[in-house]
Amino acid sequence: MTEEHTIIRVGRARIGIMGLKATLQEVAQDHGEKGEEAIKEELLKRLKKKNYIPEKASEEYAKAFWREYRKFMGLEVAEEGGIKMEIKVLGPGCPRCEQTIKIVKEALAETEVEADVEKISDLMEIASYGVFGTPAVVIDGEVKSVGKIPKKEEVKAWLGK
């Protein structure tokens, strides 16, 4: 079985991190009562074993890991870098999925909303959203559409414009 990897934002870059979900779970169990700095340090130490983390960027990675830890714990997270929304289009890469991505990007361009758009094709990750039909659209963790290509006006409404 291959180890999962998760794409996260580190500073302005999107980076794939191996073993993040398992590490978040372990640290939450082992160090849940400790403070922010101790948890950042532990996450960094454990994730360095599975990922290349440049020494100069350690602080940025620690901040990103802390943000992911807070999300994992269900706590409020302040986004960095001006990204206000996180949009995921779930699907195996079929023409309907590609059309959905196109519509989402057009709606973003027309509304001038800043968002990070990610295409998720891993079936296990798609299933983790409780989605059993594709394409699906997830905005800030909330499933908005399943099994159909949304209309651009629908997407704009989801974006709050």
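The values are calculated or read from the model by the stated rules, or taken from the named source; none is laboratory data. In this text, all values refer to a predicted model and were calculated from it rather than measured experimentally. Positions of Cβ are backbone-derived with ideal geometry, glycine not excepted, and every protein chain shown enters the neighbour counts.
Any idea which of 110, 55, 59 is more than 14 Å from the chain's Cα centre (by Cα) and outside the structural domain of residue 9 (by TED's automatic domain parsing)?
On the way: 55 fails: outside the structural domain of residue 9 (by TED's automatic domain parsing); 59 fails: outside the structural domain of residue 9 (by TED's automatic domain parsing).
Being more than 14 Å from the chain's Cα centre (by Cα) and outside the structural domain of residue 9 (by TED's automatic domain parsing) holds for just one of 110, 55, 59, which is 110.
Among residues belonging to region 109-121 that are part of a helix (DSSP H, G or I) and in contact with a helix residue (DSSP H, G or I) (Cβ under 8 Å, 6 or more places away or on another chain), point out the one that is surrounded by the fewest Cβ atoms within 10 Å (Cβ to Cβ). Write out each step before concluding.
Residues of region 109-121 that are part of a helix (DSSP H, G or I), as a first pass: 109-111.
Right, trim to in contact with a helix residue (DSSP H, G or I) (Cβ under 8 Å, 6 or more places away or on another chain) and you get 110-111.
Numbers: 110: 13, 111: 15.
In this case the residue turns out to be 110.
Within the set of pairs 6+ apart or on separate chains, which have a first residue in region 130-144 that is polar (S, T, N, Q), a second that is part of a strand (DSSP E or B), and C-beta atoms under 8 Å apart?
That search, which allows pairs on different chains as well, returns 134/90; 134/146.
When residues of region 1-17 are filtered for being among the hydroxyl-bearing types (Ser, Thr, Tyr) and either at pLDDT below 80 or part of a helix (DSSP H, G or I) (or both), how many remain? If you could, list the steps in order and put the result at the bottom.
Narrowing region 1-17 to residues among the hydroxyl-bearing types (Ser, Thr, Tyr): 2, 6.
This time we only want the ones that are either at pLDDT below 80 or part of a helix (DSSP H, G or I) (or both), so: 2.
So the answer is 1.
Answer yes or no as to whether residue 126 is of a type in the set (A, V, I, L, M), in contact (Cβ under 8 Å) with a residue 24 or more places away in the chain, at negative phi and part of a loop (DSSP other than H, G, I, E, B).
Details: of a type in the set (A, V, I, L, M): yes; in contact (Cβ under 8 Å) with a residue 24 or more places away in the chain: yes; at negative phi: yes; part of a loop (DSSP other than H, G, I, E, B): no.
No, not satisfied.
Could you list, in sequence order, all residues of region 129-146 that are among the hydrophobic types (A, V, I, L, M, F, W, C) and either surrounded by 15 or more Cβ atoms within 10 Å (Cβ to Cβ) or outside any loop (DSSP other than H, G, I, E, B) (or both)?
Narrowing region 129-146 to residues among the hydrophobic types (A, V, I, L, M, F, W, C): 131-132, 136-139, 143, 146.
Of everything in region 129-146, those that are among the hydrophobic types (A, V, I, L, M, F, W, C) and either surrounded by 15 or more Cβ atoms within 10 Å (Cβ to Cβ) or outside any loop (DSSP other than H, G, I, E, B) (or both) turn out to be 131, 136, 137, 138, 139, 143, 146.
Taking the condition touching a Lys or Arg at 6+ places or on another chain (Cβ under 6 Å), surrounded by 15 or more Cβ atoms within 10 Å (Cβ to Cβ) and over 30 Å from residue 36 (Cβ atoms), does residue 149 pass?
Yes: the conditions hold for residue 149.
Can you pull out the residues in region 28-37 that are under 21 Å from residue 57 (Cα atoms) and in contact with a helix residue (DSSP H, G or I) (Cβ under 8 Å, 6 or more places away or on another chain)? So that I can check it myself, show each step before the final result.
The initial filter retains those residues of region 28-37 that are under 21 Å from residue 57 (Cα atoms), namely 36-37.
Selection gives 36 alone.
In region 18-31, which residues are surrounded by fewer than 12 Cβ atoms within 10 Å (Cβ to Cβ) and either among the hydrophobic types (A, V, I, L, M, F, W, C) or within 11 Å of residue 72 (Cβ to Cβ) (or both)?
Listed by number, the list holds a single entry, 25.
Here are the criteria: (1) surrounded by fewer than 15 Cβ atoms within 10 Å (Cβ to Cβ); (2) within 28 Å of residue 60 (Cβ to Cβ); (3) aromatic (Phe, Trp, Tyr). Tell me which single one residue 72 does not satisfy.
Residue 72 satisfies every listed condition except (1).
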